[in-house]
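Report on one structure; see the data block that follows.
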Amino acid sequence: MNCLAKQDWSTRDKMLELFMSAPNRTISGEQLSAALNVSRTAIWKQIKTLESNGFEFSATPRVGYRLTHVPDELIGPLVSPHLNKACRLGQTILWAPERISTNDTAIELAHEGAVHGLVVTAARQTGGRGRQGRAWQSPAGGMWFSVLVRNPCALSQAGDLTLLASVAVHRALHESGVETKIKWPNDILVDGRKICGILAQMRADGETVDYAVIGIGINANFHRDALPPDVSDHATTILTECGQPVDRPLLLARILNQLDTLYSSLAQGAGGFAAVREEWKTHAHTLGRTVHVRLGDTFITGYAEDVDERGVLLVRDYAGVRHELHSGEVLFSTSEKL
């Protein structure tokens, strides 16, 4: 991230913090200029930029600017009031109206030395990715974000990262009034259709994970008909299923609070998936049914019996052979094999 871009988002966020804490959300241009150490012209430009991103202001001579409407974007000052005081995730949140991929940006910043807990968000993604390198549609109204965690666990526990993330998202959605199930290993479903995908990318240092970027995409406040026809049979959105939008900054904060608790335990050598296995199983969509699992170019069809303490899916095929699946993709139907 270049210095100018960093200055722009830092000034924007500080300005929003001032408006959010001001009486009646009203501040004079002179006060803003003094507090931010920028010119009145720079203040006016920031106001115009914010307006182009959904914020609304009124201006009154000799009184100043009043913030009259706040969009529910995943911008730091809108999220931070909902974070637990001890939460180490989300202390820095970098929002942009559009990114190619929040994971790509977070990985780039990790290489540049970004600290633990950085969260990269975007109103839209143009090159979001799901599992198997598939394109992930990321229109406005969704929640597209990536969380950087440093030294989260031993390499042998790397698989726990996305499993724990699925539990964190499930908990946060439940707290927000959205009831979900978890499809192994980490998809989140509402009424059998996918609303959330999780993708972890990491770099190892010997036997330890140096850092991991946890990318989370949630189909939130847009209608299902905005999804491509080829996924609309098995994907949906919160707005479609619940009939009302979710408070996105609040939901992001709830996810970060839950992730922080789970990842802190993992980093300290305690917890991990084994500690939440029974909770995961209680809310599992996969277990107790016939499943079709894609393993590269091969498929296994059988009865999903259990998930063990390592997060391994145990499937017994029609010949009675029990398969231990450390990775793979549970399909919604046999038609997905095509």
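The values are calculated or read from the model by the stated rules, or taken from the named source; none is laboratory data. All figures in this text were calculated on a predicted structure; none of them were measured in a lab. Every residue, glycine as well, gets a Cβ built from its backbone with ideal geometry; the counts of neighbours run over all protein chains shown. Protein only, heavy atoms only, side chains kept; ligands, DNA and RNA dropped before computing areas. Shrake-Rupley method; radii C 1.70, N 1.55, O 1.52, S 1.80 Å.
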Ranked output for segments 173-180, 142-149, 34-41 by mean other Cβ atoms within 10 Å, highest leading, reads 142-149, 173-180, 34-41
Amide H proximity to Cys153 below 5 Å, modelled H, separation 5+ or other chain, gives Val209
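I'd like to compare 220-231, 115-126: which one has the highest average count of other Cβ atoms within 10 Å, and what's the full order after that? Each step should come with its number before you reach the end.
On the way: 220-231: 14.9, 115-126: 21.1.
Highest-to-lowest ranking by the protection proxy: 115-126, 220-231.
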A chain fully extended from Asn151 to Asp306 at 0.36 nm per residue, minus the present Cα-Cα distance, gains in nm 52.8 nm
Per residue, what accessible area does the stretch 249-292 have, given a 1.4 Å probe and all protein chains present, in Å²? 38
For Arg289 and Glu179, what is the calculated FRET efficiency with R₀ set at 25 Å and r taken between the beta-carbons, to the nearest 0.05? 0.85
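How large is the dipole of the chain about the Cα centre if only Lys and Arg carry +1 and Asp and Glu carry -1, each at its Cβ, rounded to the nearest 20 debye?
Values: 34 positive and 37 negative charges, 157 e Å.
Result for the chain is approximately 760 debye, rounded to the nearest 20.
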Along Cα→Cβ, 7 Å out, is where each label goes; now give me the distance between the ones at His326 and Ile100 in nm to one decimal. 3.2
With each label point set 7 Å from Cα along the Cα-Cβ vector, what nm distance links Lys45 and Asp210? 3.7
Looking at Ala114, Gly302, Asn186, which one has the Cα that reaches farthest to the positive end of the dipole of the chain (charges on Cβ: Lys, Arg +1; Asp, Glu -1)? Ala114
What order, most packed first, do the peptides 254-262, 267-275 have when packing is the mean number of other Cβ atoms within 10 Å of each residue? 254-262, 267-275
Amide H neighbours of Trp95 under 5 Å, counting only residues 5+ apart in sequence or on other chains, H built in-plane at 1.01 Å? Gly76, Thr121
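I need the calculated FRET efficiency for the pair Gln268 and Arg203, taking r as the beta carbon distance and R₀ as 22 Å, to the nearest 0.05.
0.60
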In nanometres, what is the gap between the two model label sites at Thr68 and Ser21, each 7 Å from Cα along Cα-to-Cβ? 2.6
0 to 90° range, to nearest 10: angle between helix 273-282 axis and the chain longest Cα axis: 80
At the level of C-alpha centres, the distance separating the stretch 5-64 and the stretch 223-251, in angstrom, is 33
So what is the relative contact order of the stretch 200-337, in percent, for Cα pairs below 8 Å that sit 6 or more residues apart? 13
